[in-house]
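The values are calculated or read from the model by the stated rules, or taken from the named source; none is laboratory data. Please read these numbers as outputs of a predicted model, since none were measured by experiment. Cβ: placed from backbone, ideal geometry, glycine included. Neighbour counts: every protein chain shown. Side chains included, ligands, DNA and RNA excluded: accessible areas come from the protein's heavy atoms. Shrake-Rupley method; radii C 1.70, N 1.55, O 1.52, S 1.80 Å.
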Amino acid sequence: MSQPDHDTTPLLEMIERWVRLESPSHSDEALQDMAQLIVADARGLGLNVDLHDLGSAGAPLVHIHNRAAGDDRPGILVLGHYDTVHPVGILEKNALRREGDKLYGPGIYDMKAGICLALVGLAKAQQSGGTALPVDLVILPDEETGSHRSRTAIEDYARKSRYALVCEPARADRGRCVTARKGTGFITVKAHGRPAHAGMQHQKGRNAIEEIAHQVLALQAMTDYERGITVSVGVVKGGTTPNVVPEHCEIRADFRLPDPEAADELRAKVNGLQARVPDVELDVVFELNRPPMPRTEGTVALLKRCQAYAAAAGLDLDEAPMTGGASDANFTAALGLPTLDGLGADGDGAHTLYEHILVSTLASRQQFWINTLQALN
C-alpha cells in the first residue's frame, strides 16, 4: 500500500463542481442534471457507468463499476446519494468558499465529497493494478426522503455483494465510522369525530382534537431511553375554526429503535391504541421505514480490516457508538451483509448553513479508499 498523494487538486475540483450544481431531493430537473454530471466525471476517469430507471417518474440510479464482461462475482457495494436537503438557491446563503482548512457548501459534507472520495479512489485503484473484487458504486437520488424508490434496488445489489461500504460523512467527533444505526419510522394517527356548533350544540359534537391529545401523551410515553427507544410527535393537524367542534385531527410521529425486537414491541403497542373519547374512531399506521442496523460479527471483522487499510493511509478509523440517524446502510445490514458506514469526508454541519469539510484530511481519506478497494477480498 502506497503513501497518500497529497496533491488533491483534481479531487477538490470535482467536489466543487458537484457542490455548485445544487440537487435537492424534490427537484427532478436538478437531480437529472446532477446524474449527468456524475456520469461525465466517472466516464472521464475511465470507469463503466450505467443509468437505471427506478420504476417511476424521477431521477435515475447511477451505477459506476469496474466489472469486466461476464464477471458476476459477489463484490464490494459502495453506496452514496446525490440528493441533498438544501433547496436550489441556498448557495446564496452558504456560498462555496474556503476559510482556512474548511471548505463550505450545501451538500458538501452530506455527502457529495464522500462520493467523490470513493469515485476517485476506485479510479486510482483501477489504474494501479485493479481491485481484488469487482466494485459497484451505486449512487441514489432519494436517500434524504427515505429511499422509497431506491430500496428495492439497494437490496438487489446487496444480495449480490460480499461487503457494503457507505459514503455517509464521518462523524464530526474525530471522524469516526459507523457500525450500528437505529431503525427509523413513522406513526400516523387520525381521529374521526363529529362536528357541531361549539356554542349551540356542543354536547352533540365529538372532539377529534381532544382524542388526539390523549394519543399524543400515549405515544410520547412509549419512549424508553434506557432501551434506546424514542417516539416524538412532530406534527399535529386538525380543526377548522374555533366555533366548530372539530371532526378531524391527525398526528405524525417519528420513532427510533435499536433492534428488531424493539420494533416488534413498539408496533404492538401502537397497533393497540384505543380511542378514549366516546364515538370517535381511530386510524393508526405504523411504518418501519429503515430497519435497525445491528453491529454484527461480520461488520466487526470488516471494521478491523478497514482499520488496517486506514492506518496504512495515515488515518485513524475509530468506531462511533450507535447513532440515531439512519441511512441506506440500514437496508444492507438488515440483510446480513457486513456493512461499514460513515466512510465519507471529515467535517461538520450536515443539513445546516455551516456545512463544510476539512481539506487537510482529504489525502488520507482518498488513500484509504484506494487501499480498501484494492485489497478487500
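Before moving on, here are some points about what is shown:
- Extension gain, Lys160 to Arg43: 0.36 nm times the residue separation minus the Cα-Cα distance gives 39.7 nm.
- Calculated FRET value between Glu13 and His197, using beta carbons and R₀ = 45 Å, to 0.05: 0.10
- Candidates Gly175, Gln36, His65 compared by Cα position along the dipole of the chain: farthest toward the positive end lies Gly175, with charges placed on Cβ.
- Cβ-based charge dipole, the chain, positive-most Cα from Ala310, Leu96, Pro246: Ala310
- Check: the chain dipole with +1 on Lys, Arg Cβ and -1 on Asp, Glu Cβ, in debye: 360
- Placing a label point 7 Å from the Cα of Ala132 along the Cα-to-Cβ line, the residues of the range 304-335 whose backbone N sits under 17 Å from it are 304-313.
- Nearest-20 debye value, the range 194-338 charge dipole, Cβ charges on Lys, Arg, Asp, Glu: 260
- The mean sequence separation of alpha-carbon pairs under 8 Å and at least six residues apart, normalised by the residue count of the range 292-351, gives a relative contact order of 45 percent.
- Mean-square fluctuations from a GNM of the chain, with a 10 angstrom spring cutoff on Cα atoms, peak among Leu343, Leu21, Leu165 at Leu21.
- Simple label model, 7 Å out from Cα along Cβ direction - Ala172 to Asn377, nm: 4.1
- Projecting label points 7 angstrom from Cα along Cα→Cβ for Lys269 and Arg252 puts them 2.2 nm apart.
- Among (1) 202; (2) 133; (3) 150, the entry derived from the coordinates for volume of the Cα convex hull per residue in Å³: (3)
- Residue-normalised accessible area of the chain, expressed per residue, 1.4 Å probe, Å²: 43
- GNM on the chain, alpha-carbon springs under 10 angstrom: the most fluctuating residue among Ala333, Ala275, Ala198 is Ala198.
- The chain: most fluctuating residue of Ala164, Ala218, Ala118 per GNM, C-alpha cutoff 10 Å: Ala218
- Furthest towards positive pole of dipole, Ala375, Thr352, Gly325, structure part the range 232-377, Cβ charges: Ala375
- Annotation note: trypsin sites (Lys or Arg not before Pro) in the range 44-109 located in DSSP loop regions with a Cβ neighbour count of at most 11 within 10 Å are Lys93.
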